[in-house]
Amino acid sequence: MELYGGVETGGTWCVCAIGAGPEEIHRQEQFRTTDPEHTLEQIVGFFQRGPAFEAIGIGSFGPVDLDPRSPTWGYVTSTPKPGWQNVALAPVVREQLGVPVAFDHDVGVAALGEHRWGAGRQARALCYVTVGTGIGAGLLIDGTPWHGLIHPEVGHLRIPHPRDRDPFLGSCPMHGDCWEGLACGPAIEKRWGAPGNELPDDHPAWELEAEYLALGILSIVFVFSPDRIVVGGGVMERAGLLAMVRVRLRELIAGYLQTPLLAEDIDSFLVPPALGDRAGVLGAIALAQSARRRDAR
Ligand code: ZN
């Protein structure tokens, strides 16, 4: 069986694996994402130890340059993460290891993992949303991440913010009360003075959170028209939150789009992930496999 390399560079952790799928991982390691030089050294060192593989897929935090015609393709660009602006992530890995490298945004790659092996299988237009330290979403059309001009930044869309009900100004350093600024994990902690996992189930935080998540997802439904949305990330581990979002989303759609998936079958439209925190690194392997198949044609 042909093996592939997968790298997920996250804001905190970097995960590397060599394998061919969820049941076929030969080696996997994770280490802290520190400064770019040290992190790249660790990535290259991991793959030099083998076993041999065909190509590498990398899913990175961003923003990233995904334009194959750009001189800075494969770079992490204007990220707020200290020391990581304009880092030639994919080009350095390609040069040091001498193998083909496929590169994409972390949430696009996680979406690919869920599409290939997880909760997004058979979806033609798939959206994968993660709600954790930020909010991000990957959009796949027929199993290919959609980039558009740069790449979608769904977490920063605007949603209604009723200030009388919620005077919190938002946590996004760029926009204040964008979707992420109102509904990511750090926003919950700043608003209520305690992290989400310390708030009880009957805390008013959860009704507000479900409202904000449903509003953002409503925009995704109306703009992208996905046939499935996978919602994961640390915040979604709260039991019952996804069910609250489903109820509120149905109310907000208000019967306007006539499909059972947005009504009585919404449980199979808005679904939890199946791969958990492995979606990123498995998606990176899937990205490498897809790129290799495309090149072979
Ligand atoms: Zn923002």
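Which far-off residues, 5 or more places away or on another chain, put their amide H under 5 Å from the one on ALA102, with H placed in the peptide plane?
ILE56, GLY57, ILE58
Percent relative contact order of the chain, based on C-alpha pairs within less than 8 angstrom and at least six residues apart?
Relative contact order, the chain: 21 percent.
Rg to Rh ratio, region 10-51, alpha-carbon atoms and Kirkwood radius?
1.00
Karplus couplings for region 266-273 from phi (6.51 cos²θ - 1.76 cosθ + 1.60, θ = phi - 60°), rounded to Hz, Gly and Pro as x?
4, 5, 9, 9, 9, 10, x, x
What 222 nm value per residue comes from the helices of the chain, counting each DSSP H run with n ≥ 4 as -39,500 (n - 2.57) and dividing by all residues, nearest 500 deg cm²/dmol?
-10500 deg cm²/dmol
I'd like to compare 66-78, 138-150, 172-184: which one has the highest average count of other Cβ atoms within 10 Å, and what's the full order after that?
Highest-to-lowest ranking by the protection proxy: 172-184, 138-150, 66-78.
If you build a Gaussian network model of the chain, linking Cα atoms that sit under 10 Å apart, which residue out of TYR212, TYR256, TYR128 swings the most?
Answer for the Gaussian network model of the chain: TYR256.
Can you tell me how much longer the chain between GLN85 and ASP166 gets when fully stretched, taken as 0.36 nm per residue apart minus their C-alpha distance, in nm with one decimal?
Fully extending the segment from GLN85 to ASP166 adds 25.8 nm.
Could you give the Stokes-Einstein D for region 119-271 in µm² per second, using the C-alpha Kirkwood radius, 25 °C, 0.890 mPa s?
D, rounded to a whole number, is 156 µm²/s.
May I ask you to evaluate 6.51 cos²θ - 1.76 cosθ + 1.60, the Karplus curve with θ = phi - 60°, for each residue of region 74-80 and list the ³J(HN,Hα) values in order in whole Hz, giving x for glycine and proline?
x, 8, 7, 9, 8, 5, x
Please list, short to long, the whole-number percent of alpha-carbon pairs of region 83-168 in consecutive 10 angstrom bins beginning at zero.
All Cα pairs considered, the percentages come to 15, 34, 31, 16, 4, 1.
Nearest 5 percent is fine: what portion of the DSSP beta bridges confined to the chain is antiparallel?
Counting only bridges with both partners in the chain, antiparallel ones make up about 60 percent.
Please figure out what share of the DSSP beta bridges in region 119-271 is antiparallel and state it in percent, rounded to the nearest 5.
That works out to approximately 60 percent antiparallel.
Most fluctuating residue of VAL245, VAL99, VAL231 in a GNM of the chain with Cα springs under 10 Å: which is it?
Taking springs between Cα atoms under 10 Å, the residue moving most is VAL99.
Give me the percent relative contact order of region 119-271, please, defined on Cα pairs under 8 angstrom at least 6 residues apart.
26
Using the alpha carbon gyration tensor of the chain, what are the three equivalent-ellipsoid semi-axes (square root of 5 times each eigenvalue), largest first, in whole Å?
Over the Cα atoms of the chain, the ellipsoid semi-axes are 33, 21, 17 Å.
No value in this document is a laboratory result; all are computed from the given coordinates. Remember, it's a predicted structure, so these values are computed and weren't measured experimentally. Backbone-built Cβ (ideal geometry, glycine too); neighbour counts: all protein chains shown.
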